1. For residue C:236, indicate whether it is closer than 17 Å to residue C:279 by Cα and without any contact (Cβ under 8 Å) to a residue 40 or more places away in the chain.
2. Before we move on, is residue C:90 touching a helix residue (DSSP H, G or I) at 6+ places or on another chain (Cβ under 6 Å) and in a loop (DSSP other than H, G, I, E, B)?
3. Could you list, in sequence order, all residues of the stretch B:281-294 that are within 14 Å of chain D (Cβ to nearest Cβ) and in a helix (DSSP H, G or I)?
4. If a residue has to be in contact with a strand residue (DSSP E or B) (Cβ under 6 Å, 6 or more places away or on another chain) and buried (at least 20 other Cβ atoms within 10 Å of the Cβ) to count, how many in the stretch D:123-149 make the cut?
5. So which residues in the stretch A:31-69 are crowded, with 22+ Cβ neighbours inside 10 Å and more than 27 Å from residue A:141 (Cα to Cα), if there are any at all?
6. Looking only at the stretch C:93-110, how many residues end up being in a helix (DSSP H, G or I) and in contact with a strand residue (DSSP E or B) (Cβ under 8 Å, 6 or more places away or on another chain)?
7. If you go through the stretch D:170-179 one residue at a time, do you hit one that is closer than 25 Å to residue D:293 by Cβ and either within 22 Å of the chain's Cα centre (by Cα) or buried (at least 21 other Cβ atoms within 10 Å of the Cβ) (or both)?
8. Of the numbered conditions (1) over 17 Å from residue C:211 (Cβ atoms); (2) within 18 Å of the chain's Cα centre (by Cα), residue D:258 fails exactly one; give the number of that condition.
């Protein structure tokens, strides 16, 4: 399949590499062209503009960091909507707001193109191993056509429904549930600590049974050991962005999200206290502050 | 060891049975004496009053349903405090409020006795198999003395600190984190559903990775399949009682718990809508109601 | 009318004095009898026990500080229920929880007595001037019989319905709305301040128009001028008690109160930070803390 | 003074009319020119484009409904920034987000112009009477220059500080405090009602004392009498927009706003239930729903 790939950050490079490995004909474009070097060395064609990339692939993948970037690439003059042939597929694999996904899908539909939304779960090493979880949503025929690409990039796919918005929502809601888990642990640890329970013991209680899963093991440990003072895995500022995506999605479809509000407030307090660049488990530090523990 | 056991509900019977099986000398007392039948058949001595039970054991275990029951048994005339010998241990294994545990521990201390708090995690079949998780808190020597009993009743113990309050807090905080997980899922499912994501698919997304643990698998399934309309495992009313225990603990030690507030409000709405006797995953139905989905 | 008055704190003394001034035949009882001195000098009869007071009046007024006190006076051996004649009225004028009011009303009914609940709004000088606002609830005939007493103690009455619980609820809900107003101002002032609006100017904006009332003028000024560092008018601890009364009332009748939750958390944080004895406008200091302003 | 006025809705017309009445030299522009008819009849000059209006006045007033409109007028080609002479003042009198105000102020500063933000409080009849409350923020000299205009349009001004953002924040925070008051009343009325207090009586309790101000009298009456089923004064959708402006302001300056979250959720539920076009006191209906009362 002829595939164009726009957005070659760490995730994008690992994913694009899998596509080459899968025997597909890959064209790449990145604002900073130097990031495409390794891929070109492995056979990818370097495109000089978004428009060139848009014209090349039957499927044009974008893996861009935020709404502004994917909006620019898609909607601006010489962007994807202007340049992709009729019938071509824009496979958007970044995590974007549902209002933007809705807007982009409509713009593509007006231009006779199709948009598939397929945000991924997993970090760069997982992507390099072709083990991403991929939430896929869009018209059935287009999704079908992308399956060979999902097969080389991912461990498995999840069905996000027929509207591209669904895949974005699935990803956003999953992240949001994680934020809530961190917040709940922050509260639980503060309560336990003020009652004399050693933090490592409360971690043990949580993760031995009901919550024996990565979310609680990883973040519970960060909280119990105050790992938020160390190297961040995912910053409070980025976490806040994710929670705001959930709240914005809730606004778009009229779903109140009281737990997301709690997370939002914690993360805003973290930012207010200068901790925006710390790991987002710093939410627990905010809980500790409000409990007179820090 | 000479052990008295007060409170022979389903959990109590299973736990007492393990103690007999462990070769200990067991005396039993229950308000409704008939519930002691099987245990007596297996060798337990039937006591005619709390006071008799109090005088018999080196360790007096209570496994009572709520604060009122354990308070009565412990503090009233002819209760444990009045009747236990100096140096004897009251091993309280029910889930009680931290303010009551504090009060009982003080009353026992004044009478030269010792209180150990050791609430358990697990349901009757788990208790029957001697596989409970037991959170233990109290003075080190007394805890040490109870170890043979924990060994026959439990899979393992968790350290709740030196103040009996800690074990209560550990149990309460663990239950509270579960309530928060259910609430977060309720919100996430409502958001996903209004964006077109099939519920079974969102369940799959959640439990495939970050949340691959019993709490999310069990309750996620109940929510995705509206299992709250079926046979309840744990009712909304009981869940509310647990959340109120967490909030009361937070009040006692000055820890704000915003996520617990959200759960409290959901459960109160469930009660207001006549769903107090449904499974507490009905919190998700309340979220659906507030989202115009039910 | 023959009236007994139990509970002669500052409020009680001022109210009892109005009753003497109204020409009624007053008997007084207080645990610390010395507080009755002035009233006895003005003609009140000093009673030696609750039981004596209970037997004297056609109406027995209690003005006690909290649930524990009124519960003891009413329910204990030789308390009001045991000693008041059939048909006599217990007029409870303190602010008590609705669950206790319900319990006391039932106990009186069982004993052939009547309970009227009539909590007051206003501080001692207002009581001394006979200008209290009085929320009244209870059976119509009993309320009617108490009108001459309300006439001398109060500026006016408010109808709390036929169930004594209603008057308690009206008072509790009014206090709760005040807590919410303070919290909202705290949030508004923090937002305004971080955007460069001088606090005195935001106070001016609020109270010039929509909120030109005592609640906003008094508490807005306390917040704008950080008056919570000065002499407290009403402490955070007492405010927390009031908010907890509202939450308990909500639990009793299944009404979620999300705004009360917010107030509760702020006040708990205030206590956690050692500010429980400051004026409860210190809620705004907690908001400032969570905003990185303090 | 030479003044241009852009945005002649009901508010704009009333305000522009006051400026003519004050003897100023007024030019008007509106996308739908017909709305300028009366003003032209009274001596205003009709401008054919934003650019013409931009070049005419020493002060260019905008009174536009939302961020999108003022952003277009200000930033697009032939907009205010492009066309206003150096030193001219853009006096923005609509209610806009603080992030947009910040952006517009910066754009004007780069072009050697000055922006003053001056959102107003009051409805069209108040504007027609020159009795608006005006919150003013911007560089002192520019604010000084606008004083004659404020004098004819307003009853008084409020000081929003030297950064235009402050005036927007003051207006937004004032509206937000109102939303909180409505929410708190909704909760209070639900609690009172379920305890047997007649709604008109609770309204009386609230507004007789602490809350004897327009906000509580107007909205308390709407709630007590379910006036939200009648003609809306201000819709839930518009109220939601205002609350979201407060939350966005909080995000911009890192101020958590838990009470705003509660209002947001209520209003989203109202929208979810098809009540977005009802008066925003319908928040109380949502509270009633969550309490099993509706």
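1. No.
2. No.
3. Answer for the stretch B:281-294, where residues must be within 14 Å of chain D (Cβ to nearest Cβ) and in a helix (DSSP H, G or I): B:282, B:283, B:285, B:286, B:287, B:288, B:289, B:290.
4. 10
5. First, pick out the residues of the stretch A:31-69 that are crowded, with 22+ Cβ neighbours inside 10 Å: A:36, A:39, A:44, A:47, A:50, A:53-54, A:56-57, A:59-64.
Correct list: A:36, A:39, A:47.
6. 5
7. The answer is yes; a qualifying residue exists.
8. Residue D:258 satisfies all of (1) over 17 Å from residue C:211 (Cβ atoms); (2) within 18 Å of the chain's Cα centre (by Cα) except (2).
The values are calculated or read from the model by the stated rules, or taken from the named source; none is laboratory data. These figures come from a predicted structure and were not determined experimentally. All Cβ positions, even for glycine, are placed from backbone atoms using ideal geometry, and neighbour counts span all protein chains on display.
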